[in-house]
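Student: Got a structure here, written out as structure tokens. Questions coming.
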Amino acid sequence: MTRHVVLVGAGHAHMEALRQARRFANAGLSLTLIDPGAFWYSGAATGVLSGALEPDAARLNPSDLGGPFEHVRQRVVSVDPHAKTVTLEDGERRAYDVLSLNTGSRIAETPLLAAGAIPAKPVSALAGLRATLEANLGQLRLAVAGAGATGVEIALSMASLQRRLGARPQTLLAGPELMPGWPDRARRLALEAMARCGVEYVPHRVQDLSLGLVHFGQRKVAPVDILVAATGLSANVPDGLDASEAGLPINTDLSWTRDAAVFAIGDCACMVKHPRPKLGVFGVRAAPILIQNLIDAAMGRQARRHYTPQSRWLSILDVGDGTGLARYGDLAFQGKPALKLKRWLDGRFLERYRVEH
């Protein structure tokens, strides 16, 4: 009897599994992807927002890979690990023998979102934000709540788009701590870049959004037309699984700590022994191990490969002025070569899954 491997979510690692779909078929396994739409590559998101890249440069259609797999264009709303079924938005249930989640993360719910702030994720939201700015010729007062690396990059990208559209940048970045976890040199470079590119940094938390004003407390306000929320991530995990906002807890073989037939990877997962930031690089590096473990688990083999994420990794922010701000461990540097390297790395990843028609 054919055994079924079900992939939920078109994330970095699952795109690689689809590219290698023939391996599952050769093992006598059926492979199904359940995801409602396209794969949006987060590494190119701010390039799209700034106008440096077109939306198609960050978007792939998983079905184009054309391997021996089924693509169900639905969203999984719940998982029953005891019955080994997933329930889709339309109420249909699908059975699995082995399940893998690569469903990413979202901006954690806050009053700012309820008040109309635009979430920094999903990536498609930033493509929509670019269209709005272009429709208004960039003549909008913009703000970003959350001064982590994502918030900094989004603020710089919006200012870049305003310049491209011939408008004066009116962009504000707010958060009590600038780029936590990054080296001091990187923070200094970010401040210099923001000053150069027309982004004002306010070292206070945005507490409220109302009547076209962002409120920082102590009666400090600023007028705003659009507020982007980059205020922390929450894992996207279907109902029925015991997960926290950090994600589904997983072992080093990428399986759920409570069920060896359920796997998770990327932003929706939390490695118990090796916690790491929610960055795509880890999903990319872990993909070969996930694929082998899914095949072994579906075939009833006990052997498992184990993944230990690297302790240092390269992160490059697109500053929006033709330069990149890079960080590797405690090292930080900025310049055109950093952005060139980022574009090359992003392009190499995307070309791996791009199919010419």
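Student: If the requirement is being in contact (Cβ under 8 Å) with a residue 24 or more places away in the chain and under 25 Å from I291 (Cβ atoms), which of these qualifies: L254, L209, L227?
Tutor: Residue meeting the stated conditions: L254.
Student: Which one of Y328, Y353 is within 30 Å of V48 (Cβ to Cβ), among the hydroxyl-bearing types (S, T, Y) and open to solvent by less than 20 Å² (accessible area, probe 1.4 Å)? Lay out the reasoning, then the answer.
Tutor: Working: Y328 fails: open to solvent by less than 20 Å² (accessible area, probe 1.4 Å).
Going through Y328, Y353 in turn, the sole match is Y353.
Student: Only one residue in L165, L156 is at pLDDT 95 or above, buried (at least 22 other Cβ atoms within 10 Å of the Cβ) and under 19 Å from L53 (Cβ atoms). Which one?
Tutor: Exactly one of L165, L156 is at pLDDT 95 or above, buried (at least 22 other Cβ atoms within 10 Å of the Cβ) and under 19 Å from L53 (Cβ atoms), namely L156.
Student: Among the numbered criteria (1) open to solvent by less than 20 Å² (accessible area, probe 1.4 Å); (2) in contact with an Asp or Glu (Cβ under 8 Å, 6 or more places away or on another chain), which one does S255 miss?
Tutor: (2)
Student: How many residues does segment 221-242 hold that are open to solvent by 40 Å² or more (accessible area, probe 1.4 Å) and either over 30 Å from A135 (Cα atoms) or among the aliphatic types (A, V, I, L, M) (or both)?
Tutor: Result for segment 221-242: 6.
Student: Given the conditions (1) open to solvent by 40 Å² or more (accessible area, probe 1.4 Å); (2) not in a strand (DSSP E or B), which single one is not true for E200?
Tutor: Exception for E200: condition (2).
Student: So W40 clears everything in (1) surrounded by 18 or more Cβ atoms within 10 Å (Cβ to Cβ); (2) free of Cβ contacts under 8 Å to residues at least 24 places away in the same chain except one condition, right? Which one?
Tutor: W40 satisfies every listed condition except (2).
Student: To continue, here is another question. Taking the condition on the phi < 0 side of the Ramachandran plot and either open to solvent by 70 Å² or more (accessible area, probe 1.4 Å) or touching a strand residue (DSSP E or B) at 6+ places or on another chain (Cβ under 6 Å) (or both), does A338 pass?
Tutor: Answer is yes for this residue.
Student: Which of the residues spanning segment 132-157 are out of contact with any helix residue (DSSP H, G or I) (no Cβ under 7 Å at 6 or more places or on another chain), under 24 Å from H204 (Cα atoms), among the hydrophobic types (A, V, I, L, M, F, W, C) and not in a helix (DSSP H, G or I)?
Tutor: Matches in segment 132-157: A143, A147.
Student: List pairs: first residue in segment 6-29 and farther than 17 Å from D296 by Cβ, second residue in a strand (DSSP E or B) and open to solvent by 40 Å² or more (accessible area, probe 1.4 Å) anywhere in the structure, Cβ distance under 9 angstrom, at least six positions apart or on different chains.
Tutor: A10/W40
Student: Okay, next question. Go through segment 289-325 and give me each residue that's free of Cβ contacts under 8 Å to residues at least 40 places away in the same chain and either polar (S, T, N, Q) or in contact with a Ser or Thr (Cβ under 7 Å, 6 or more places away or on another chain) (or both).
Tutor: Q292, Q302, Q310, S311
Student: I need a count of the residues in segment 90-131 that are among the hydroxyl-bearing types (S, T, Y), modelled with pLDDT of 95 or more and either surrounded by fewer than 22 Cβ atoms within 10 Å (Cβ to Cβ) or not in a loop (DSSP other than H, G, I, E, B) (or both).
Tutor: Going through segment 90-131 one residue at a time, the tally reaches 1.
Student: Just to be sure I understand the filter: pairs with C-beta atoms under 6 Å, separated by 6 or more residues or on different chains, first member in segment 165-193 and assigned to a loop (DSSP other than H, G, I, E, B), second member among the polar types (S, T, N, Q) and open to solvent by 20 Å² or more (accessible area, probe 1.4 Å). Which pairs pass?
Tutor: A167/Q139
Student: Determine if segment 183-195 includes at least one residue that is in contact with a Ser or Thr (Cβ under 8 Å, 6 or more places away or on another chain), under 21 Å from G146 (Cβ atoms) and open to solvent by 30 Å² or more (accessible area, probe 1.4 Å).
Tutor: no
Student: Another one. Give just the number: which of (1) open to solvent by 50 Å² or more (accessible area, probe 1.4 Å); (2) not in a loop (DSSP other than H, G, I, E, B) does R276 not satisfy?
Tutor: Unmet condition: (2).
Student: Wholly within segment 280-357, which strands (runs of 3 or more DSSP E) include no fewer than the required count, namely at least 2 residues that are under 30 Å from R196 (Cα atoms), at pLDDT 95 or above and more than 18 Å from the chain's Cα centre (by Cα)?
Tutor: Output list reads 324-328, 331-335.
Student: So which of V77, V86, V144 is within 22 Å of L248 (Cα to Cα) and crowded, with 24+ Cβ neighbours inside 10 Å? Quick ask: steps written out before the conclusion?
Tutor: Numbers: V77 fails: crowded, with 24+ Cβ neighbours inside 10 Å; V144 fails: within 22 Å of L248 (Cα to Cα).
None of the others qualify; the one that does is V86.
The values are calculated or read from the model by the stated rules, or taken from the named source; none is laboratory data. Note that this is a predicted model, so its numbers are computed, not measured. Don't worry about glycine lacking a Cβ; one is built from the backbone with ideal geometry, like all the others, and counts go over all protein chains shown. For accessibility, only protein heavy atoms count, side chains too; no ligands or nucleic acids. Shrake-Rupley method; radii C 1.70, N 1.55, O 1.52, S 1.80 Å.
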